[in-house]
1. Residue under question is residue 41, and the condition is that it be in contact with a strand residue (DSSP E or B) (Cβ under 6 Å, 6 or more places away or on another chain), among the hydrophobic types (A, V, I, L, M, F, W, C) and in contact (Cβ under 8 Å) with a residue 12 or more places away in the chain; does it hold?
2. Which numbered condition trips up residue 55, out of (1) over 16 Å from residue 22 (Cα atoms); (2) part of a strand (DSSP E or B); (3) not charged (D, E, K, R)?
3. Taking only the range 80-112 into account, find how many residues are more than 18 Å from residue 45 (Cα to Cα), without any contact (Cβ under 8 Å) to a residue 24 or more places away in the chain and touching a strand residue (DSSP E or B) at 6+ places or on another chain (Cβ under 9 Å).
4. Looking at the structure I just gave you, is residue 180 at pLDDT below 90, more than 25 Å from residue 79 (Cα to Cα) and more than 16 Å from the chain's Cα centre (by Cα)?
5. How about the range 2-45: which of its residues are surrounded by fewer than 13 Cβ atoms within 10 Å (Cβ to Cβ) and modelled with pLDDT of 75 or more?
6. Filter the range 116-147 for residues that are buried (at least 22 other Cβ atoms within 10 Å of the Cβ) and not in a loop (DSSP other than H, G, I, E, B) and give the result.
Amino acid sequence: MERLEDIISARNGAQENGPDVVLVLGAGIASWLSRQRAKTASRFAKYLHDTIIMPTGGKGGLFSRLIEIPEAVQMRGYLIDDGVKEEKIVVEPHAVNTHDNIQKSKLLIDKINPKTVYIVTNKAHMPRALKHARNILRGYEVVPLPTNPKWYEFGEQFNEFECLAYEKTKIPMENFYCSLKTVGKRALEKVYNYI
């Protein structure tokens with residue numbers, strides 16, 4: 001995956017192509033992860049004035065009943081706090097998972113008709129996000145724009161493992177936690193081998 005500075009440098013040479021879209025995927029619940037994703041998007045947008053930033057995410061995840069404001073709306077606030085102009089933000093507040101983020105955003109992306117769609121998420125989530133994006137956003141150049149996690153961010157890596165396991169097995173997360181506790185390390189190895 002390319003570094004943010006390399007992408008900005010390459011993109012600055014091709015600005016005549018119209019407004020590109022920076023699609024900021026939700027993390028399941030407005031959290032430090034979604035804040036980090038919004039920060040990556042706002043950093044990118046500061047260099048490219050013709051870019052639309054599109055946070056996506058509704059009230060998905062295990063805590064959906066506790067969430068009052070869709071994640072994308074909260075990320076919009078983070079972006080504005082980081083200096084992104086409101087008119088450069090288009091919000092998709094209904095998606096509840098990665099596939100949904102991209103599928104629902106496509107309707108808005110099609111109206112903008114960019115040449116390139118940058119996908120912002122963490123490095124662990126990026127391969128799965130790109131798989132969905134390249135399948136759904138055919139006709140657009142899809143470019144990864146990963147956040148830069150620190151060594152102590154193991155939790156987000158485990159969260160991605162949970163999502164992959166659910167996607168492959170359709171075992172709800174609550175049951176998946178119980179399975180992991182009882183089966184242990186061998187369950188992890190089997191799922192990773194299956195994936």
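The values are calculated or read from the model by the stated rules, or taken from the named source; none is laboratory data. Note that the structure is predicted; figures quoted are calculated from it, not measured. Cβ: placed from backbone, ideal geometry, glycine included. Neighbour counts: every protein chain shown.
1. yes
2. The number of the failed condition is (1).
3. 1
4. Yes; evaluated as a whole, the condition is true for this residue.
5. Across the range 2-45, the qualifying residue is only 32.
6. 117, 118, 119, 120, 121, 129, 133, 145
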